[in-house]
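Written out below as structure tokens is the structure these notes cover.
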Amino acid sequence: MDNFSDWPEEIVGLPRLGPDLDIDIDKVESLEPDLVLASLSVPGMEKNIERLKRRNIPFHVFNPNSLEDIAADLLTLGKLTGIEERAEMVVEEYRSMIEMYRGIAEKIDVKPKLYWEWWPKPVFTPGGINWLTEISTLAGAVNCFASEDTASFQTDWETVRRKEPDHICLVWVGVRTQKVKPAILQKRPGWNEMKAMKTQNVHVLEEPYFCRPSPRLLIGLQKIASIIHPEHYPAFKETHRDLC
């Protein structure tokens with residue numbers, strides 16, 4: 001596995017094969033894997049795929065953008081690893097929770113605008129073809145950049161300022177939560193006058209629960225929904241970390 005993988009806990013002792021964008025293909029080959037699970041969720045991972053092809057190492061590529069894509073990938077993974085029944089049970093629970101939150105969201109009249117910051121400079125944010133746009137909707141809110149027909153959209157501080165989001169959600173890809181510094185927002189021109197800044201609706205959120213395509217996105221959903229609409233959704237509890 002790559003150097004940054006940290007879930008589930010059982011993988012901690014497995015061999016580390018380098019950063020996700022530059023896997024040590026010699027080490028991979030030496031392990032003689034029956035199957036490599038590859039990803040294209042971050043630009044630049046294509047290089048790993050080409051190396052696997054050249055070495056004739058068996059692999060399967062996942063590249064989901066939506067919550068339903070993730071469900072389909074879980075079922076595919078179940079087939080590839082011979083645990084189809086287990087995968088079907090996980091997906092059933094996964095879809096059930098999504099539908100529960102969809103039902104709550106449909107009854108909410110006021111939908112606040114969320115700005116999700118994936119990277120601060122250059123500024124990247126999820127567009128309409130992304131699970132965070134769906135999670136925003138399921139949490140009774142709207143992604144400010146949902147109209148952009150892309151999974152990841154590059155923008156700038158001034159465009160975000162003009163969007164006037166009600167909430168700012170900082171989830172920098174690949175950065176640990178404790179290293180995200182919300183104070184830097186105050187240095188951006190005009191940002192101190194933004195509604196979200198004045199109301200202190202700036203949220204530093206866990207990257208694994210919002211940026212990585214897995215069932216743990218539903219933990220993120222539970223958390224952000226309880227923050228945005230505590231009057232409508234169940235309170236978030238630390239025990240939710242064990243749901244997926």
Filtered residues of segment 164-210 (kept if within 30 Å of Ala71 (Cβ to Cβ), modelled with pLDDT of 90 or more and either assigned to a loop (DSSP other than H, G, I, E, B) or not assigned by TED's automatic domain parsing to the domain that holds Thr133 (or both)):
Pro165, Asp166, Val171, Trp172, Val180, Leu205, Glu206, Phe210
Could you give every pair whose Cβ atoms fall below 8 Å, whose first residue belongs to segment 196-213 and is without any contact (Cβ under 8 Å) to a residue 40 or more places away in the chain and over 8 Å from Cys169 (Cα atoms), and whose second residue is in a loop (DSSP other than H, G, I, E, B) and not aliphatic (A, V, I, L, M), counting only separations of at least 6 or pairs across chains?
Thr199/Asp166; Asn201/Asp166; Glu207/Trp172; Glu207/Gly174; Glu207/Arg176; Tyr209/Arg216
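Would you check which residues across segment 61-79 are buried (at least 16 other Cβ atoms within 10 Å of the Cβ) and touching a strand residue (DSSP E or B) at 6+ places or on another chain (Cβ under 6 Å) and list them? Spell out how you get there, then give the answer.
If we filter segment 61-79 for residues that are buried (at least 16 other Cβ atoms within 10 Å of the Cβ), which is where we start, we get 62, 64-65, 67, 70-71, 73-74, 77-78.
Passing the criteria: Phe62, Asp73.
Could you list, in sequence order, the residues of segment 146-161 that are among the polar types (S, T, N, Q) and modelled with pLDDT of 95 or more? Break it down stepwise before answering.
Filtering segment 146-161 for residues among the polar types (S, T, N, Q) gives 147, 150, 152, 154-155, 159.
Correct list: Ser147, Gln154, Thr155, Thr159.
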Note on Trp119: of the conditions (1) outside the structural domain of Ala146 (by TED's automatic domain parsing); (2) out of contact with any Leu (no Cβ under 7 Å at 6 or more places or on another chain), unmet is (1)
For segment 50-84, what are the residues that are without any contact (Cβ under 8 Å) to a residue 12 or more places away in the chain, of a type in the set (Asp, Glu) and closer than 24 Å to Phe210 by Cβ?
Glu68
What are the pairs, 6+ residues apart or on separate chains, where a residue within segment 85-110 that is without any contact (Cβ under 8 Å) to a residue 12 or more places away in the chain has its Cβ under 6 Å from a residue that is of a type in the set (S, T, N, Q) and in a loop (DSSP other than H, G, I, E, B)?
none
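The values are calculated or read from the model by the stated rules, or taken from the named source; none is laboratory data. The structure presented is a predicted model; accordingly, all values stated were derived computationally and were not measured. FYI the Cβ positions are ideal-geometry reconstructions off the backbone, even for glycines, and counts take in every protein chain you see.
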